[in-house]
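Trainee: This is the structure I have questions about; it appears just below.
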Amino acid sequence: MIIHNINIYNLKIPFSRTIKHRLYTRNATESIVVVIQDNNDNQGMGEGTPREYVTGETLEKSLMAARRISKAILGQPFETINELYALLKEVGDSDVADMHPAAFCAIETALLDLWSGVENRPIYQLFDDFSNQRVLSYSGVIPSTDREQEFLKYVGLVRKLKLTSLKIKVVDLDSGLSQLAVLREQLGSDIEIRVDANAAFTADTAIQFIHSAKPINLSAIEQPVPKNDLAGLKKVSEHSDIPIIADESMYTSKGPFYLIDNDICHGLNIRLSSCGGFRKAYQIYQRARLKQMTIVVGAHVGETAILSFAGRNLAMICKDAKYLEGSFSKYVIQEDLVDEDISFGSGGMVPVVNRCGLGIEIKHSAIEKWSDRFASLSVADSHH
C-alpha cells in the first residue's frame, strides 16, 4: 500500500446555537479534515479540532502542519500494520506533530481508517485490547449561559433524553451553585452531575465551591484552576473528596505524564484531537489507568461525524473510561457530514461501531459544501 493522494480541508459548518464557556464562545466548527487515498483508490478520513487556548495550536498553523506531515508520508509504502505504526511513530515523534496535535490526529485517523477499511474491521480492533460492550452511553453537556430560559431549555432536553450523566460549564461560584441547585431539583438524585469550570477559580475558591456544593452531590470537577497553575490543581485535589479532572492542564510544557506521575489530579479528560490522535491518547490512558485515575473520553464542541466516530472507537479501547463525551452532532451543528442521525439518543446511548474503518459513511459532497480545500498533494507532483 502506497499513499498516493492527500487532500486537506478547512471545514466551517455553522452551529445551530452559540456555544459558550468561560474561555471561548463559538458559533461554527473550526476543523481540519484530511482525506487520504492509496494506490488502489481506498480512502480514509480524519478530523482535527485545533484549540489555541488548550494546546496553542491555531487553525492556520494546524493546516500548514498537516501539509508538512502529509509530505512526509506521501509515497511511503507499508504492507503490514506494524509498518504503518512505525511510520506513524516516526512522523508522530517529530516536533511538527508534537506542536500540532490536531493536525497529526487528522492524519493518523485517516491512515487508521484507510488501513482498517482494507482489513475490513473497525479501527478499535487494530488494538490489542478492546471492550466487548454492545452500546456506549454518553454524557450531556450544558454550556455556560446566564439566560435562565436558555438554561431551562437545556435542562428540559436532558430530562427528555433521560440522560444518566451530565456535565455543566460554570463561570463563577455563585451562579454555578445556583444553577446546580436547579439541576438537582429538576432532575432528581439519580443523574450523575459533574462540573467543568474551564479554569474559572483560584485554588481556594475551588475548595470553597466544592464545600458549598456538597448537598448537590457532585461526581467530579474538571479544570477548576487556570491551565498553568499545577500547584493549585494539586492543592484542590488534596482538599477534595470528589475526583478533580484535568483538561487544559494536560497541555502545559510539562505534559500529561507529569500530572499522572506526580499525583497532580485524580483524573484526565482525554480528547483525541488535543492528545494528537489514537496512539498518543491510548498511551496517556494506559499510564493513567495504572494509577486508577478517573478517565473521561472527551470531545470538542463542533466535532463532525468523523471525530464522533473516531471517539467511539477510542472509547472501545479506553474501556475503563468513566465518562464519554461527544456525538452531539445535530444538537450543535446545522448539518453533519453524513446522511443518518448520529447524535446520541435516549439514555445517551449509541450503538458500538460495527462497520469497518471509522464505522460511518462520510459524504464527500458535504465536505466540499462546507469547506475550502487548503492543499491537495499527490505522488505525481512530489519529488521523492
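Trainee: Can you tell me the orientation of helix 81-92 relative to the chain, as the angle in degrees between its alpha-carbon axis and the longest Cα principal axis, to the nearest 10?
Mentor: It works out to around 70 degrees.
Trainee: Report, ordered by chain and residue number, the aspartates and glutamates lying within cross-link reach of K162, taken as a straight Cα distance under 13 Å and ignoring same-chain residues fewer than 8 apart.
Mentor: The reachable aspartates and glutamates, counting only those whose Cα sits under 13 Å from K162, are D190, E192.
Trainee: Further question on the same structure: Within segment 1-31, which residues have the backbone N less than 19 Å from the label spot 7 Å out from N40 along Cα→beta-carbon, could you tell me?
Mentor: Residues 1-6 qualify, since their backbone N sits under 19 Å from the label point.
Trainee: Same structure again: Per the 1.4 Å probe, what fraction of the accessible area of segment 98-137, in percent, lies on carbon and sulfur atoms?
Mentor: Of all accessible area on segment 98-137, carbon and sulfur atoms account for 41 percent.
Trainee: Any chance you could check the Cα centroid distance between segment 279-343 and segment 111-150 for me, in angstrom?
Mentor: Answer, in whole Å: 4.
Trainee: Which shape class applies to segment 269-384: rounded if a/c is under 1.5, otherwise prolate when a/b exceeds b/c and oblate if not, where a ≥ b ≥ c are the square roots of the Cα gyration tensor eigenvalues?
Mentor: oblate
Trainee: Would you mind working out the magnitude of the charge dipole of segment 258-384 relative to its Cα centre, with +1 at each Lys and Arg C-beta and -1 at each Asp and Glu C-beta, to the nearest 20 Debye?
Mentor: So the magnitude is around 540 debye.
Trainee: So, by mean Cβ neighbours within 10 angstrom, what's the order for 133-139, 291-297, 148-154, 41-47 with the highest one leading?
Mentor: Top to bottom by mean Cβ count within 10 Å: 41-47, 291-297, 133-139, 148-154.
Trainee: Of the peptides 298-304, 364-370, 118-124, how do they stack up when ordered by the mean number of other Cβ atoms within 10 Å, highest first?
Mentor: So the peptides 298-304, 364-370, 118-124, ranked by packing, come out 298-304, 118-124, 364-370.
Trainee: Taking Cα Rg over 2.2 N^0.38 Å straight from the coordinates, which label in (i) 1.08; (ii) 0.96; (iii) 1.03 is the correct one?
Mentor: (ii)
Trainee: Could the peptides 169-176, 261-268, 90-97 be put in order, highest first, of the mean number of other beta-carbon atoms found within 10 Å of their residues?
Mentor: 261-268, 169-176, 90-97
Trainee: Summing -39500 (n - 2.57) over the DSSP H runs of n ≥ 4 in the chain and dividing by its residue number, what mean residue ellipticity at 222 nm do you reach, to the nearest 500 deg cm²/dmol?
Mentor: One gets -11000 deg cm²/dmol as the mean residue ellipticity at 222 nm.
Trainee: Classify segment 96-142: rounded, prolate or oblate, from the alpha-carbon gyration tensor (a ≥ b ≥ c, eigenvalue square roots; a/c under 1.5 rounded; otherwise prolate if a/b is larger than b/c)?
Mentor: oblate
Trainee: Additional query: Count the lysine pairs in segment 1-151 whose Cα atoms sit under 19 Å apart, keeping only pairs 8 or more residues apart in sequence or on different chains.
Mentor: 4
Trainee: I need the calculated FRET efficiency for the pair S178 and S376, taking r as the beta carbon distance and R₀ as 51 Å, to the nearest 0.05.
Mentor: Working from the Cβ atoms, E equals 0.45.
Trainee: Next question. Out of residues 5 or more away from Y138 or on other chains, whose amide H comes under 5 Å of its own, with H placed 1.01 Å from N in the peptide plane?
Mentor: Under 5 Å from the amide H of Y138: M349, V350.
Trainee: If you don't mind, another one. Kindly work out what percent of the DSSP beta bridges joining two residues of the chain are antiparallel, to the nearest 5. Please list the in-between numbers first.
Mentor: On the way: 30 of 53 bridges.
The antiparallel fraction comes to roughly 55 percent.
Trainee: Would you work out if segment 324-367 is rounded, prolate or oblate? Take a ≥ b ≥ c from the square roots of the eigenvalues of the alpha-carbon gyration tensor; rounded if a/c is under 1.5, else prolate when a/b is larger than b/c, oblate otherwise.
Mentor: Working: a/c = 2.37, a/b = 1.18, b/c = 2.01.
Since a/c reaches 1.5 but b/c is at least a/b, the shape of segment 324-367 is classed as oblate.
Trainee: From the phi angles alone, apply the Karplus equation (6.51, -1.76, 1.60; θ = phi - 60°) to segment 124-130 and give each ³J(HN,Hα) in whole Hz, x where the residue is Gly or Pro.
Mentor: Running phi through 6.51 cos²θ - 1.76 cosθ + 1.60 with θ = phi - 60° gives 4, 7, 6, 8, 5, 10, 9 Hz.
Trainee: How long is the gain from D263 to R134 if the chain were fully straight, where each residue apart is worth 0.36 nm and the alpha carbon distance is subtracted?
Mentor: Length gained between D263 and R134: 43.1 nm.
Trainee: For the chain, take the longest principal axis of its alpha carbons; what is the angle in degrees between that and the long axis of helix 101-118, to the nearest 10 within 0 to 90?
Mentor: So the helix axis and the longest Cα principal axis differ by about 60 degrees.
Trainee: Here is a further query. With axes computed from alpha carbons, what is the tilt in degrees of helix 230-239 against the longest principal axis of the chain, rounded to the nearest 10 within 0 to 90?
Mentor: 50 degrees
The values are calculated or read from the model by the stated rules, or taken from the named source; none is laboratory data. Being a predicted model, the structure only gives us computed values, none of them experimental. FYI the Cβ positions are ideal-geometry reconstructions off the backbone, even for glycines, and counts take in every protein chain you see. Only protein heavy atoms, including side chains, enter the accessible area calculation; ligands, DNA and RNA are left aside. Shrake-Rupley method; radii C 1.70, N 1.55, O 1.52, S 1.80 Å.
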